[in-house]
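First up is the structure itself, then whatever we jot down about it.
The values are calculated or read from the model by the stated rules, or taken from the named source; none is laboratory data. Since this is a predicted model, take the numbers as computed values, not measurements. Here the Cβ positions follow ideal geometry from the backbone for every residue, glycine too, while neighbour counts run over all protein chains shown.
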Amino acid sequence: MSAIRWRWVFLAIAIFAGWKYWPAHAVKTPPGVLAPADPVQSSPLQKHIYQKGKYELEVLADFDIEARVLSKENYSSDRESELSPVDLALGWGAMSNSAVLDKLSIGQNGRFYFYRWENEPPLPPAEIVRHSANMHLIPVNAAIEKQIKAVRAGQVVHINGQLIEARSSDGWHWRSSLTRDDSGAGACEVIRVESISVK
């Protein structure tokens, strides 16, 4: 193959990669609060343990949330990806408003959600913490997993399921946060997702 033809092949690959991973692929929305309500968490009517492969998932709370997707990250190489192939950073209330989010740089890495600002924050930092979180999603089946993987940043999603603690026989465990005002290690929600829809 000639050098010119190879150059066109590399250009096509670069264009495809840019389309797939470029942040502009996110859904753009005008200013305004898109998801005004706080997540709803309640004690389960009865304790329940689900089996998923070699893991036990103990229900800690029932959980229902409607929120804007701030960022999405796929995982495949860590142990947690055996349960949760996708993390969504979600925002509600003021953290679902483009007027606020446009003043923040948001990303995910290593099962954490990060944000930063220049000069002054668009909201008090404690309000950012109370109105956003990184959430590890455990789909109950392949159809739900496919829906989760199709979600795009900028969309508003409605998720229903349970906050859980996952355990395995070798002593490994992964426990969900049960509050919305924590941050750092252990502050993420681990959700067994029974349903997800894009609003």
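Quick one: what pairs do we get from segment 121-142, first residue among the small types (Gly, Ala, Ser), second assigned to a strand (DSSP E or B) and modelled with pLDDT of 95 or more, C-beta under 7 Å, 6+ apart or different chains?
Once the first residue is among the small types (Gly, Ala, Ser) and sits in segment 121-142, its partners that are assigned to a strand (DSSP E or B) and modelled with pLDDT of 95 or more give SER132/LEU70; SER132/ALA89; SER132/LEU90; SER132/GLY91; ALA133/LEU90; ALA133/GLU189.
For segment 74-108, what are the residues that are crowded, with 22+ Cβ neighbours inside 10 Å, assigned to a strand (DSSP E or B) and either among the hydrophobic types (A, V, I, L, M, F, W, C) or free of Cβ contacts under 8 Å to residues at least 40 places away in the same chain (or both)?
LEU88, ALA89, LEU90
Looking at the structure I just gave you, is SER169 out of contact with any Lys or Arg (no Cβ under 8 Å at 6 or more places or on another chain), modelled with pLDDT of 95 or more and not charged (D, E, K, R)?
Numbers: out of contact with any Lys or Arg (no Cβ under 8 Å at 6 or more places or on another chain): no; modelled with pLDDT of 95 or more: yes; not charged (D, E, K, R): yes.
No.
Please find, among LEU60, LEU137, the residue that is under 16 Å from the mean Cα position of the chain (by Cα) and under 21 Å from ILE164 (Cα atoms). Write out each step before concluding.
Details: LEU60 fails: under 16 Å from the mean Cα position of the chain (by Cα).
Step by step, each of LEU60, LEU137 is checked, and only LEU137 is under 16 Å from the mean Cα position of the chain (by Cα) and under 21 Å from ILE164 (Cα atoms).
Give just the number: which of (1) more than 25 Å from ILE128 (Cα to Cα); (2) not in a helix (DSSP H, G or I) does SER71 not satisfy?
Condition (1) is where SER71 drops out.
Quick check: anything in segment 120-130 closer than 28 Å to LEU45 by Cβ and either more than 12 Å from the chain's Cα centre (by Cα) or among the aliphatic types (A, V, I, L, M) (or both)? Write out each step before concluding.
Initial filter on segment 120-130 (closer than 28 Å to LEU45 by Cβ): 130.
With the extra rule that they be either more than 12 Å from the chain's Cα centre (by Cα) or among the aliphatic types (A, V, I, L, M) (or both), the set shrinks to 130.
Checked segment 120-130: at least one residue is closer than 28 Å to LEU45 by Cβ and either more than 12 Å from the chain's Cα centre (by Cα) or among the aliphatic types (A, V, I, L, M) (or both).
One residue is enough: does segment 27-40 have a residue meeting the conditions at positive phi and surrounded by 19 or more Cβ atoms within 10 Å (Cβ to Cβ)? Let's see the steps before the verdict.
As a first pass, look at segment 27-40 and keep what is at positive phi: 32.
Next cut, surrounded by 19 or more Cβ atoms within 10 Å (Cβ to Cβ) only: none.
Among the residues of segment 27-40, not one is at positive phi and surrounded by 19 or more Cβ atoms within 10 Å (Cβ to Cβ), which makes the answer no.
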